[in-house]
Amino acid sequence: MRTALVITAGRYADLPRLHAPRHDGRQLAEVLADPLIGGYRVEWLPDAKADRIRRRVNEVLVEAGMDDVVLLYFSGHGVKDVSGELYLAAVDTRRDLLPATGVSAAFVRDLVDRCRARQVLVWLDCCFGGAFPEGRTPKSGGDVDVVHQIEPPQGCAVMAASTAVEYAYERGGDVEGEPKGSYFTRALVAGLETGDADLDGDGHVDADELYRYVYQRVVAETPWQRPTRSGRVTGDLRVAKNPRGPRSGDTGYDIPVAPARRNRWRSAAYPAVAVLAAAATWFGIAASTGGDCASGTIRLVGNTAFAPALTALTRRYRQDCPAASILVETKGDLAGLREVAGAVDGVAAISDESADLPDLVSTPIAVGLYSVVANENVGVTTITSRQLHEIFDGTHVSWSTLGGRDVPIRLVGRGVESGIRRKFEDRLGAPEPPLSSDDCENATRPARVVRCERGTARQVLDVVDRVAGSVGYAVASDATPYSHVIRLKIDGREPDFGLAESSGYPFWSVLRLHTRGAPSKDVASFLRFLGGEAAGGMMLREHYLPCSTGGIRSPLCEG
């Protein structure tokens, strides 16, 4: 019997939404179920929870007989913990609770290891973002060895799209109607559906042929994604039939196997496994093009909240382009834009602010979420949009009028140069009250409500963490390390990219790279890096949504 379990996940609660998996799963399931091609008994699990996925993987592998063929396919996010352990993310996976809510590679590997079926295929079409808790770094570095995390220890034939992975492409751009799917699964479906993956024309598509076909197809469409495999994959593992039949010879599956080959299979204590994963190795600009590197000095005037991510990104870029010199400075958004407007080539500002300055050219690079943060003693965890407006216009001076504790409200804001302040006021629909305090606790000038200002988001959080009754705003993920800071839900909603896309969460902004006139050659090189997959994966780890990833453009970045 031939059994295929097709698992797709796209509507995540704690990870960016993916559009391709549902489309990919449907297309692949149809091809695999076709009696002229795959002849598999197919079960499709779209957007299932982790418990359901683990149970069905377990049941399918445990119930398989010795002569069965089992195929496991997963399309969705892959994440890893601080030790480098790979997890397949279900729709309810939480990055802070991976062992409980994810499907670990070790779990799959153990079940494949014990499966009685001699032929098991595992296909992974994963987008790999980070899964590191705030302030932690992985022991294993930035890559995930997909082959060896899925491969059982003995007797296995392994194919993998890459051994060291960060991110895999969805295919698209400006998509109308149905999404086009990922490059990887699109190549799988095309090779099986047309029979073109039957490279020797014997009427069968084996594991070796399928890998070679997918590799050529994917690299032709997106050269920086390079499927790979281990050296132990052989043509013995037949995946499907060519629907056009053989160019000569037998047309059925039941071609006699040579006795020596059959005996070798029967004596093995472990099944033959083909792991084909659409996780890409991203070689960076220098490796992919051989010469697209900055050769001079780039000066980046950065948004203060984005500074940690920008520093990490420039460090990664210089791994590929060691001759480049990149200087990162942080200052207020408007100050940075004014500096670029009067600067020469090689200077750029990264800001979520815009300004009516001559010759300014802007390129969107990422979306950031920010949240309303409060000291934990305020006594409320959720407020309405109207209540938030009334907090900042001075209607409420105590948390008790909002159902909280009898603690005076202390507003902690940003200065007039801050882009996030301007975005917050725009979303709020009202300006912040005047400055009335230096220490954020006591009024130094007459005002209905005490309000102070701080220069950076981290300084705002330091105050909110320390001062009872304080409330402010900051990048959503930055609040995590603070012991006494909570993120207030607005109309019952947490910060979420999916909600932002559907107008369900208002506090987000687009970070743009600004130059005076067209970017210089060096800055343009860095921009191309920011639009690539290595940078995209790093931005996700820093809790920013890349504006463009593999041709898929976030609608939040339009306009």
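None of the figures in this text is laboratory data; all of them are computed from the coordinates on show. This is a predicted model, so every value here is computed, not measured. For neighbour counting, all protein chains shown are included, and Cβ atoms are generated from backbone atoms with ideal geometry for every residue, glycine included.
Points to keep in mind about this one:
- Projected over every direction and averaged, the convex hull enclosing the alpha-carbon atoms of segment 473-559 yields 7.4 nm².
- Remark: the residue 66-residue 381 segment gains 107.9 nm on full extension, using 0.36 nm per residue and subtracting the alpha carbon distance.
- Placing dummy labels 7 Å off each Cα toward the beta-carbon, the span from residue 390 to residue 216 is 6.9 nm.
- Looking at segment 368-501 alone, DSSP beta bridges between its own residues are antiparallel in about 55 percent of cases.
- Straightening the chain between residue 58 and residue 199 buys 47.4 nm, computed as 0.36 nm per residue apart minus the Cα-Cα spacing.
- Farthest positive-ward along segment 368-501 dipole, Cα basis, beta-carbon charges - from 471, 398, 499: 398
- The label point for residue 416 and the one for residue 49, both projected 7 Å from the Cα toward the Cβ, are 5.3 nm apart.
- Projected label distance in nm at residue 339 and residue 397, using a 7 Å step from Cα toward the beta-carbon: 4.1 nm
- Annotation for segment 490-559: GluC sites (Glu not before Pro) lying in DSSP loop with at most 13 further Cβ atoms inside 10 Å of their Cβ are 558.
- Note on residue 247/residue 30: beta-carbon distance plugged into 1/(1 + (r/R0)^6) with R0 of 41 Å gives a FRET efficiency of 0.95.
- Above-threshold pairs, the threshold being 28 Å between Cα atoms, out of 49/241; 423/521; 49/80; 49/423: 49/241; 423/521; 49/423
- Over 20 Å [Cα-Cα, segment 368-501], rounded percent: 38 percent
- Point-charge dipole on Cβ atoms (K/R +1, D/E -1) for segment 1-113, about Cα centre, debye to 20: 380 debye
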